[in-house]
Amino acid sequence: MFYRLSSYIIHAPIEGTEDEMLLHGYTGAVDIINKDTISYILNLPDNINPSNIPFSDNTLSNLINRGYLTSLTPDEEHEKLIHIANVLHALNKRFGKNFGFIVSYDCNLRCPYCYEAGISNFGDSWNRSTLTHEQVDAIYKIIDNIEPIKQLRSNKLILYGGEPLLKENYEIVNYIVKKGESYGFTFSAITNGYDLSVFSDLLGPGKIENVQITVDGPEELHNSTRVHRDRIPTFERIINNISLALDLNVKVKVRMNCDQRNLGGMDILKDYFRAKGFIAHKNFSFYGALAHDFQKDLKFKNKQAASVEYVSREGYAKQCANCNPEKEDASQDEGITDRLLKSFKSGRPYGLLSNYCGIFSGSYFFDPKGNIHSCWGTIGKTQHRIGTYSKDGDYLFNESLAKLHDTNVGKHPQCSKCRFALICRGGCSVKDINMCAMMPRLFGIAANRAYKSYFRNMSDIIN
């Protein structure tokens with residue numbers, strides 16, 4: 001039997017070593033291989049007679065079994081990737097349903113990069129409507145109708161907004177959480193953390209177990225972007241509320257929205273968290289994320305919004321190349337570092353995915369206006385809703401839902417032929433980011449991060 005080099009090989013040199021990292025785009029195999037070996041493999045002719053390759057039987061067998069050398073034609077490999085994408089997508093649709101409450105669209109902050117500025121007119125026209133008891137009852141009924149089998153849906157419901165944990169929302173949030181407890185649900189909240197202490201009796205295991213809170217750098221930088229509507233500083237109060245949540249055994253993930261102005265403050269903020277004892281806390285994690293330009297032309301109507309200098313994804317990844325991915329999320333390299341590390345530690349294949357996020361398999365967010373959305377990036381924009389619901393528990397999905405749930409990277413003619421298809425997953429349609437040009441560079445950065453982290457930790461264990 002003759003073999004050829006697979007069309008789905010991904011590789012990157014490891015700086016300061018004679019190694020390269022090898023990843024196969026549809027088997028998920030991850031290997032560290034000598035550069036000379038990689039160079040030889042990549043220059044093999046299309047029709048390879050195994051008897052002519054100067055490798056041991058074991059090495060040759062591994063190259064074949066892990067997919068790097070294949071007897072399949074390019075067209076057959078393409079069909080195989082499409083099949084894998086369809087299987088992964090079917091599994092996600094079956095087991096990947098998530099639900100959330102848009103408690104209200106009101107917010108007590110006026111952040112210049114806010115992606116909901118289009119529906120709030122930069123905070124001047126926030127919709128004041130809040131979920132009612134009747135709507136909450138209806139939403140729980142709808143959740144049971146959409147997925148009656150509890151094992152096939154997430155048991156953690158998301159609280160979102162606007163700002164879900166406004167002090168004015170306490171009564172309805174209490175109702176949501178108490179009712180959810182009776183159904184066996186727990187909760188996570190995406191919150192700015194300013195009014196978190198008001199909800200202290202609802203925080204902790206079995207209730208609101210997880211919170212994501214944004215802190216945009218050291219105090220001065222944070223207070224310049226996480227601006228309260230009454231123009232009062234927010235940093236100190238939010239930090240105190242993080243301490244409170246950790247004391248109540250809540251898992252706290254702090255997000256720093258990064259632009260060109262505050263990116264250099266990330267290390268200063270980490271040092272501050274370290275001094276506070278947060279970094280060492282088992283329930284604390286910290287990550288940086290790109291402030292994305294959702295506003296586009298709209299931002300020029302607002303002086304503060306127009307002043308934001310957005311940073312590229314590649315620029316962020318380079319800035320964080322030496323961050324410790326064990327404690328800091330690597331999501332801005334598309335999660336590649338994290339998945340490589342998991343593969344190293346478990347000995348299992350890289351976690352391949354058929355879609356960029358859960359909107360393509362089953363995400364449902366219910367707002368106070370009777371709309372159902374699939375993505376928090378489009379929340380509040382009626383043109384992007386996937387359906388509507390009534391306080392009686394009736395609901396109707398539109399054609400957008402069927403279109404979303406029929407989409408995966410294998411169904412895109414160009415994407416499915418790309419070696420990064422199941423790593424890139426087609427990119428984010430809401431952010432409209434073209435990942436094609438940057439994926440090789442992002443993989444190179446992620447490969448080096450994962451390698452350094454894993455082998456540094458291995459060295460620590462040996463020592």
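The values are calculated or read from the model by the stated rules, or taken from the named source; none is laboratory data. Note that the coordinates shown come from a computational prediction; the quantities given were computed from them, not determined experimentally. Don't worry about glycine lacking a Cβ; one is built from the backbone with ideal geometry, like all the others, and counts go over all protein chains shown. The accessibility values were calculated without ligands, DNA or RNA, using every heavy atom of the protein model including side chains. Shrake-Rupley method; radii C 1.70, N 1.55, O 1.52, S 1.80 Å.
Would it be correct to say that Ser51 is part of a loop (DSSP other than H, G, I, E, B) and either open to solvent by 40 Å² or more (accessible area, probe 1.4 Å) or of a type outside the set (A, V, I, L, M) (or both)?
So Ser51 does not fit the description; no.
Taking into account only those residues within the stretch 181-209 that are small (Gly, Ala, Ser) and either surrounded by fewer than 21 Cβ atoms within 10 Å (Cβ to Cβ) or modelled with pLDDT under 95 (or both), which is nearest to the chain's Cα centre (by Cα)?
Once the filter is applied, the top-ranked residue is Ser188.
Any chance the stretch 230-245 includes a residue that's out of contact with any helix residue (DSSP H, G or I) (no Cβ under 6 Å at 6 or more places or on another chain), open to solvent by less than 10 Å² (accessible area, probe 1.4 Å) and under 18 Å from Thr186 (Cα atoms)?
Checking the stretch 230-245: at least one residue is out of contact with any helix residue (DSSP H, G or I) (no Cβ under 6 Å at 6 or more places or on another chain), open to solvent by less than 10 Å² (accessible area, probe 1.4 Å) and under 18 Å from Thr186 (Cα atoms).
So is Ile142 over 24 Å from Lys251 (Cβ atoms), free of Cβ contacts under 8 Å to residues at least 40 places away in the same chain and either β-branched (Val, Ile, Thr) or in contact with a Ser or Thr (Cβ under 7 Å, 6 or more places away or on another chain) (or both) or not?
Here the answer is no, as Ile142 does not meet what is asked.
Name the single residue that is farthest from Val136 (Cα to Cα) among those in the stretch 397-432 being open to solvent by 40 Å² or more (accessible area, probe 1.4 Å) and among the hydrophobic types (A, V, I, L, M, F, W, C).
Cys418
Quick check on Gly161: is it in contact with a helix residue (DSSP H, G or I) (Cβ under 9 Å, 6 or more places away or on another chain) and open to solvent by 20 Å² or more (accessible area, probe 1.4 Å)?
Criteria not met by Gly161.
Conditions: (1) closer than 27 Å to Val311 by Cα; (2) more than 25 Å from the chain's Cα centre (by Cα). Asp230 meets all but one. Number of the miss?
Single failed check for Asp230: (1).
How many residues, within the stretch 271-300, are in a loop (DSSP other than H, G, I, E, B) and not charged (D, E, K, R)?
Final tally of qualifying residues: 10.
Looking at Leu23, Leu5, which is the one that is open to solvent by less than 60 Å² (accessible area, probe 1.4 Å) and under 21 Å from Ile336 (Cα atoms)?
Result of the check over Leu23, Leu5: Leu23.
Looking only at the stretch 21-58, which residues are at pLDDT 95 or above and either among the small types (Gly, Ala, Ser) or over 20 Å from Leu422 (Cβ atoms) (or both)?
Scanning the stretch 21-58 gives Gly25, Gly28, Ala29.
Restricting attention to the stretch 210-223, which residues are out of contact with any Asp or Glu (no Cβ under 8 Å at 6 or more places or on another chain) and open to solvent by less than 50 Å² (accessible area, probe 1.4 Å)?
Across the stretch 210-223, the qualifying residues are Asn210, Val211, Gln212, Ile213, Thr214, Val215, Asp216, Gly217, Pro218, Leu221, Asn223.
Can you pull out every residue in the stretch 145-158 that is free of Cβ contacts under 8 Å to residues at least 24 places away in the same chain and part of a loop (DSSP other than H, G, I, E, B)?
Pro148, Ile149
Got at least one residue in the stretch 64-79 being within 33 Å of the chain's Cα centre (by Cα), assigned to a helix (DSSP H, G or I), small (Gly, Ala, Ser) and closer than 28 Å to Ala450 by Cα?
No: zero hits.
Starting from residues that are part of a loop (DSSP other than H, G, I, E, B) and at pLDDT 85 or above, keep the ones in the stretch 376-396 and report whichever is most open to solvent (accessible area, probe 1.4 Å).
Among them, the one singled out is Lys391.
For Thr132, which of the numbered conditions (1) farther than 27 Å from Asn262 by Cα; (2) among the β-branched types (Val, Ile, Thr); (3) surrounded by 15 or more Cβ atoms within 10 Å (Cβ to Cβ) fails to hold?
It is condition (3) that Thr132 fails.
State all residues of the stretch 111-120 that are open to solvent by less than 50 Å² (accessible area, probe 1.4 Å) and either over 19 Å from the mean Cα position of the chain (by Cα) or basic (Lys, Arg) (or both); if no residue qualifies, say none.
Hits for the stretch 111-120 are Cys111, Pro112, Ala117, Ser120.
Looking at the stretch 30-47, is at least one residue open to solvent by 30 Å² or more (accessible area, probe 1.4 Å), under 14 Å from Pro349 (Cα atoms), among the charged types (D, E, K, R) and assigned to a strand (DSSP E or B)?
yes
When the stretch 214-227 is examined, which residues are found to be under 23 Å from the mean Cα position of the chain (by Cα) and not in a strand (DSSP E or B)?
Passing the criteria: Val215, Asp216, Gly217, His222, Thr225, Arg226.
Mind listing just one residue for me: the one in the stretch 427-443 that is hydrophobic (A, V, I, L, M, F, W, C) and at pLDDT 70 or above and, of those, nearest to Asp293 (Cα to Cα)?
Cys428
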